[in-house]
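Here is the structure we will look at.
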Amino acid sequence: MTAGDAKRRFLEEKYILDFQMLLKTRARRNRMLAAWAASRLGRADADAYLKEVQLVDAAVGGDDDVLQKILADLRSAGQKADEDDIHSMMNEMMFDAAEWLETNRDSAEIEQDRASGGP
């Protein structure tokens, strides 16, 4: 293996690990966001609401669909909701989720396995 091949392989593995961490961070952030929104909506079934958020996220991907769902739900429940405020909340929770994952890496892997139907 040449030095170029080793570098390419390293970068590919780093990209894959970074992408996996991004997915885990977004999943954790969405869990936190759904709990926050469920609380504002007066819903006791935060897990059911999380599943709704996950379905919307899986259908389209990206953050805008999640933001629009939560915005629409809050507005339909008569809650004052602003797109910029929810977007700021999403960004803040993304950092919180990343921090949580860094300090709870083993727990995060178990949680991810459960969410994906694993052990």
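Looking across Ala27, Ala59, one residue alone is in a helix (DSSP H, G or I) and under 22 Å from Asn104 (Cα atoms). It is Ala27.
Filtering Ala77, Ala6, Ala58 for residues that are open to solvent by 40 Å² or more (accessible area, probe 1.4 Å), touching a residue at least 12 places away in the same chain (Cβ under 8 Å) and aliphatic (A, V, I, L, M) leaves a single hit, Ala77.
Against the definition (part of a helix (DSSP H, G or I) and touching a helix residue (DSSP H, G or I) at 6+ places or on another chain (Cβ under 9 Å)), how does Lys80 come out, yes or no? So Lys80 fails the test.
Taken over region 43-65, the criterion of being under 19 Å from Asp82 (Cβ atoms) and either at pLDDT 95 or above or of a type outside the set (A, V, I, L, M) (or both) is satisfied by Asp63, Asp64, Asp65. In this entry, Ser88 passes the filter for residues that are within 26 Å of Thr103 (Cα to Cα), of a type outside the set (D, E, K, R) and modelled with pLDDT of 90 or more. Assuming Thr25 fulfils every condition listed in (1) modelled with pLDDT of 90 or more; (2) open to solvent by less than 50 Å² (accessible area, probe 1.4 Å); (3) touching an Asp or Glu at 6+ places or on another chain (Cβ under 9 Å); (4) of a type in the set (S, T, N, Q) apart from one, which condition is it? The number of the failed condition is (3).
Within region 1-50, the set of residues being touching a helix residue (DSSP H, G or I) at 6+ places or on another chain (Cβ under 7 Å) and of a type in the set (Val, Ile, Thr) comprises Thr25 only. Could you tell me whether region 41-56 includes any residue that is under 16 Å from Ala97 (Cα atoms), of a type in the set (Ser, Thr, Tyr) and outside any loop (DSSP other than H, G, I, E, B)? Looking through region 41-56, none of the residues is under 16 Å from Ala97 (Cα atoms), of a type in the set (Ser, Thr, Tyr) and outside any loop (DSSP other than H, G, I, E, B).
The values are calculated or read from the model by the stated rules, or taken from the named source; none is laboratory data. Keep in mind that this is a model prediction, so the values were computed, not measured. Heads up, the Cβs are rebuilt from the backbone with ideal geometry, glycines too, and the neighbour counts pull from every protein chain shown. Accessible surface areas use protein heavy atoms only, side chains included; no ligands, DNA or RNA. Shrake-Rupley method; radii C 1.70, N 1.55, O 1.52, S 1.80 Å.
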